[in-house]
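A short write-up of the structure that comes next.
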Amino acid sequence: MPEPRLWIPGPTHVRAEILAACARPMIGHRGTKMKELISSIDGRLKMLFGTEQHVLVLTASGSAAWEAAIRCGVLERWCVATNGAFSERWAHTGHDCGKQTIRVEHEWGDGLHPKALADFIHVNKSVEGLAFVQNETSTGAFSDVGSIAHAVKKAAPESLIFVDCVSSLGGAPFEFDNWGVDIAVASSQKCLALPPGLAVVAMSDRYLERARSIPYRGYYLDLVRAHEDWQKHQTPATPAVGLFHALDEQLKAIQHEGLVSRHQRHQEMSDIVNEWANSRGFNNFVQEKHRSPTTACRRGEGLDTATFVKHLKFLGHEISDGYGKLKGQTFRIGHMGDHTLGQLKALLACSDSVLKEMGR
Ligand SMILES: Cc1ncc(COP(=O)(O)O)c(C=O)c1O
């Protein structure tokens, strides 16, 4: 039986051309070809993040980039706005790195409130930065990075802005420079539709300056060292060369599709799922204004979500049950990456036949 098409919110479906790029003949990671590859990735990644400042790639998953962002950007104290499983885990990572981590808690499913965050930062000026997740993959809550960054910087101009765009970069607009973000991290296996194993990072001059002043940043995840090497189109350790080839190939494809068109396609996928789910009585877990362009999280409303997911998989489409404490209550569709509207409609038609079988 062929593998089902992946509609889980990462890893998502990877096109055959990208898998082929991973399998290209190996090249030496200190040679000219690797330098050319990194140079090509650099320019295109800057376009994707919307920055003229600094980007780099880590051979690691997004969680490692979280950790790097903390270890290199926080000396003692930071705060994390939590509204779901991943933001809570990022906060936990801060604690595990020995940093005093203050949570600004929001309900699961809530989008983040810029004013509440700005007010918090205003009275807690000793925090070195605020971290939050643009697209909470556990709930499908999408937050307005630009408004949050703007409000927080107004309240505390020294504060660094840390953003997780792990499940949104490449599927939703990101304006690193315009929004005044200081560090943003994303994983390869989400909207970039690559295999897992790479994290992409954007950093501001301000972030790097702060990082240089922070001792004991480690080796593998030291973003200052990684940045110095990246400027020479090198990496501190042996990178996942095959994945770098795939990233370059995919960034070229994204450029060819056009960022605006790519974001538009994601929004259309979200609209189609929204209409389908509403008409079947599966309410959104989040308010309409926080609806994600990349991840649907719908209340099961009496549906046995595990059986629904299992039967769909048997028919060739893999979606997800709810995440963490939402398991059994919600199901999630990751409409991210390279899926077409036609493929999405096929998934929804298949879902309807499973629901009919299940007596809905
Ligand atoms: C929003 C978000 N942040 C971070 C992570 C962790 O990323 P990774 O699994 O690449 O370490 C995930 C994974 O699903 C995620 O959805």
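The values are calculated or read from the model by the stated rules, or taken from the named source; none is laboratory data. Keep in mind the model is a prediction, meaning the values are calculated, not measured. So basically every Cβ, Gly included, is an ideal-geometry build from the backbone, and we count neighbours across all protein chains shown. Surface areas here come from the heavy atoms of the whole protein model, side chains and all, with no ligands, DNA or RNA. Shrake-Rupley method; radii C 1.70, N 1.55, O 1.52, S 1.80 Å.
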Exception for Tyr216 within (1) of a type in the set (Ser, Thr, Tyr); (2) open to solvent by 10 Å² or more (accessible area, probe 1.4 Å); (3) touching a Ser or Thr at 6+ places or on another chain (Cβ under 7 Å) falls at (3)
If we keep only residues of region 283-329 that are hydroxyl-bearing (Ser, Thr, Tyr) and closer than 26 Å to Val133 by Cβ, then the residue surrounded by the fewest Cβ atoms within 10 Å (Cβ to Cβ) is Tyr323
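Output the residue which, of all residues in region 143-184 that are assigned to a strand (DSSP E or B) and more than 11 Å from the ligand (Cβ to nearest atom), is nearest to Pro11 (Cα to Cα). Steps first, answer last, please.
Step one: list which residues in region 143-184 are assigned to a strand (DSSP E or B), which gives 160-164, 169, 172, 183-184.
Cutting the leftovers down to more than 11 Å from the ligand (Cβ to nearest atom) gives us 160-162, 172, 183-184.
Numbers: Leu160: 30, Ile161: 27, Phe162: 23, Ala172: 17, Ile183: 23, Ala184: 20 Å.
For region 143-184, the residue satisfying everything is Ala172.
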Taking first residues from region 79-90 that are among the small types (Gly, Ala, Ser) and second residues anywhere that are open to solvent by 10 Å² or more (accessible area, probe 1.4 Å) and more than 12 Å from the ligand (Cβ to nearest atom), the pairs with Cβ under 7 Å that are 6 or more apart or on different chains are Ala81/Val104; Ala81/His106; Gly84/Trp108
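Does Trp90 fit the bill of being outside any loop (DSSP other than H, G, I, E, B), in contact with a Lys or Arg (Cβ under 7 Å, 6 or more places away or on another chain), open to solvent by less than 50 Å² (accessible area, probe 1.4 Å) and closer than 21 Å to Val185 by Cα? First the steps, then the outcome.
Details: outside any loop (DSSP other than H, G, I, E, B): yes; in contact with a Lys or Arg (Cβ under 7 Å, 6 or more places away or on another chain): no; open to solvent by less than 50 Å² (accessible area, probe 1.4 Å): yes; closer than 21 Å to Val185 by Cα: yes.
Here the answer is no, as Trp90 does not meet what is asked.
So which residues in region 228-242 are in a loop (DSSP other than H, G, I, E, B) and of a type in the set (D, E, K, R)? If you could, list the steps in order and put the result at the bottom.
Applying the first criterion (in a loop (DSSP other than H, G, I, E, B)) to region 228-242 yields 232-240.
Correct list: Lys232 only.
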For region 101-123 the number of residues that are more than 21 Å from the chain's Cα centre (by Cα) and of a type in the set (Lys, Arg) is 1
When (1) among the aromatic types (Phe, Trp, Tyr); (2) away from the ligand (no atom under 16 Å from the Cβ); (3) open to solvent by 10 Å² or more (accessible area, probe 1.4 Å) are applied to Trp108, the one that fails is (2)
Restricting region 4-27 to residues that are within 15 Å of Asp248 (Cα to Cα) and surrounded by 19 or more Cβ atoms within 10 Å (Cβ to Cβ), the one nearest to the ligand (Cβ to nearest atom) turns out to be Val14
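Do the conditions hold for Trp66, that is, is it more than 15 Å from the ligand (Cβ to nearest atom), aromatic (Phe, Trp, Tyr) and touching a residue at least 12 places away in the same chain (Cβ under 8 Å)? Even if it seems obvious, please write down each step before you answer.
Working: more than 15 Å from the ligand (Cβ to nearest atom): no; aromatic (Phe, Trp, Tyr): yes; touching a residue at least 12 places away in the same chain (Cβ under 8 Å): yes.
Answer is no for this residue.
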Apart from one, (1) part of a loop (DSSP other than H, G, I, E, B); (2) open to solvent by less than 10 Å² (accessible area, probe 1.4 Å) all hold for Lys190; the odd one out is (2)
Residue pairs qualifying under the 9 Å Cβ cut-off, at least six apart or on distinct chains, with the first in region 252-263 being among the acidic types (Asp, Glu) and the second being at pLDDT 95 or above and in a helix (DSSP H, G or I), are Glu257/Arg265
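Please list, ordered by residue number, the helices (runs of 4 or more DSSP H) wholly in region 1-81 having 1 or more residues that are in the same structural domain as Leu130 (by TED's automatic domain parsing) and within 16 Å of the chain's Cα centre (by Cα). If you could, list the steps in order and put the result at the bottom.
Numbers: elements: 16-22, 32-49, 62-73.
The helices (runs of 4 or more DSSP H) meeting that bar are 32-49, 62-73.
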Only one of (1) part of a strand (DSSP E or B); (2) within 16 Å of the ligand (Cβ to nearest atom) does not apply to Ile102, and that is (2)
Of the residues in region 164-211, those that are in contact with an Asp or Glu (Cβ under 9 Å, 6 or more places away or on another chain) and among the basic types (Lys, Arg) come to Arg206, Arg210
